[in-house]
Amino acid sequence: MENKQITTHLGNISISIDGASEDEPLVFLHGMFMDKTLWEKFGNKLTGRKHIYLDMPAHGSSSNVEHKWSLDDCVDMLMTVLDELNIERCIVIGHSWGSMTGLRAAHKYPSRFSALGLFNMPFKRITGLSRVGFKFQKLLCIFPKFYAKQAAKSLYSQDLLQKRPELLEKMQNNLSVRPPKEIRHTLDAVILNANEAIDLLYDLKVTALAVVGEEDYCTAPAEVETLIVPGGHVSPYEAPVEILSAIKKVITVSMS
């Protein structure tokens, strides 16, 4: 595994490169308050492709951003990484926030992407009481370990946390090293200020496959082929066999 840091306008982005292949690589993007280890079970030996794993801004081994940002900034960040790695065309495999970034990038730069795997992606803008709840959560960021416990309960199913309690500890440790303003900026960009993504699907020129969990708070979009898998919002942990099958399907449709 080769590790690099790439400088972008959203700070230094940590990436890991697994394997080598002349075929289009797979670029893996994780969800909020996680890191690239979300995808570590899905190594390049399972697909025969080069895999590139990113730590999203202010997450994992990537640096703090130190200013407000948006999902459009994440698109620019991703394109900078691809350019620095001389990747002309790739397949994006994204979870939640990672999917939100991949979809927007492919909509804006369709020639750079051959297929998208949109895992557990929120397609609709958050509204109503849920929106009020997330605004309240921003106030809890000054207590990162307590906030991480609440976030873990909403992201991970109860069954998963019972089977893998280390996931809660890891999230608490990850958030504890970030200034509260970095956590608030993430909540703003990914949840509170994120525009509805359904419209992007209508004229998307890149083939996409969506995957949602049976108990996921994200709903299946009618505008794109969707697979339903066991579990909740973190399908790579909860349904690894089904997720590997879905990743391979994304590769197959990229070649059609």
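Select from ASN173, CYS74, LEU103 the residue farthest towards the positive end of the dipole of the chain; place +1 on Cβ of Lys and Arg, -1 on Cβ of Asp and Glu, and compute about the Cα centre. Of ASN173, CYS74, LEU103, it is ASN173. Annotation: extensible slack from TYR202 through ASN173 equals 6.4 nm (criterion: 0.36 nm per residue apart, minus Cα-Cα distance).
The value of relative contact order for the chain, using C-alpha pairs under 8 Å at least six residues apart, is 19 percent.
Packing order of peptides 71-77, 3-9, highest average first: 71-77, 3-9 (average count of other Cβ atoms within 10 Å over each peptide's residues).
Reducing segment 1-68 and segment 223-256 to their Cα centroids gives an inter-centroid distance of 19 Å. Compared with the dominant Cα axis of the chain, that is its longest principal axis, helix 71-84 is turned about 40°.
In the P(r) worked out for the chain, what percent of Cα pairs fall beyond 34 Å? More than 34 Å apart: 9 percent of the Cα pairs in the chain.
Rounded to the nearest 10 degrees, the inclination of helix 128-139 to the longest alpha-carbon principal axis of the chain is 70 degrees.
Take the alpha-carbon positions of segment 195-256, form their convex hull, and give its projected area averaged over all directions (one quarter of the hull surface) in nm². Could you put the intermediate results ahead of the total?
Working: hull surface 18.2 nm².
Its Cα hull, projected and averaged over all orientations, spans 4.6 nm².
Taking Cα atoms only, the orientation of helix 97-108 departs from the longest principal axis of the chain by about 50 degrees. Think of it as helices only: each DSSP H run of n ≥ 4 in the chain is worth -39500 (n - 2.57), and spread over all residues that comes to -11500 deg cm²/dmol at 222 nm.
Length gained on full extension, LEU161 to LEU140: 5.4 nm, using 0.36 nm per residue less the C-alpha separation.
DSSP beta bridges fully contained in the chain are about 35 percent antiparallel. Charges were assigned to the Cβ only: +1 to each Lys and Arg, -1 to each Asp and Glu. The resulting dipole of segment 200-254 about its Cα centre is roughly 300 debye.
Treating each Cα of segment 52-195 as an identical point scatterer and summing with the Debye formula, the log10 of I(q)/I(0) at q = 0.18 Å⁻¹ comes to -1.17.
Past the 27 Å Cα-Cα mark, which pairs from LYS170/LYS249; LYS50/LYS124; LYS108/LYS249; LYS68/LYS163; LYS68/LYS135; LYS138/LYS249?
Checking Cα-Cα distances, LYS170/LYS249; LYS50/LYS124; LYS68/LYS163; LYS138/LYS249 exceed 27 Å.
Once C-alpha pairs closer than 8 Å and six or more residues apart are averaged by separation and normalised to the residue number of segment 181-256, the relative contact order reads 22 percent.
Between ARG125 and LEU192, the contour length at 0.36 nm per residue exceeds the Cα-Cα span by 23.3 nm. Note on segment 165-228: semi-axes of the ellipsoid equivalent to its C-alpha gyration tensor, largest first and rounded to whole Å, are 30, 18, 10. A convex hull fitted to the Cα coordinates of segment 47-128 yields 124 cubic angstrom per residue.
All of the numbers you see were taken from the coordinates with simple rules; none came from a lab. It should be emphasised that the depicted structure is a prediction, and the values quoted were computed from it without experimental measurement. Cβ coordinates were reconstructed from backbone atoms using ideal geometry, including for glycine residues, and neighbour counts include every protein chain displayed.
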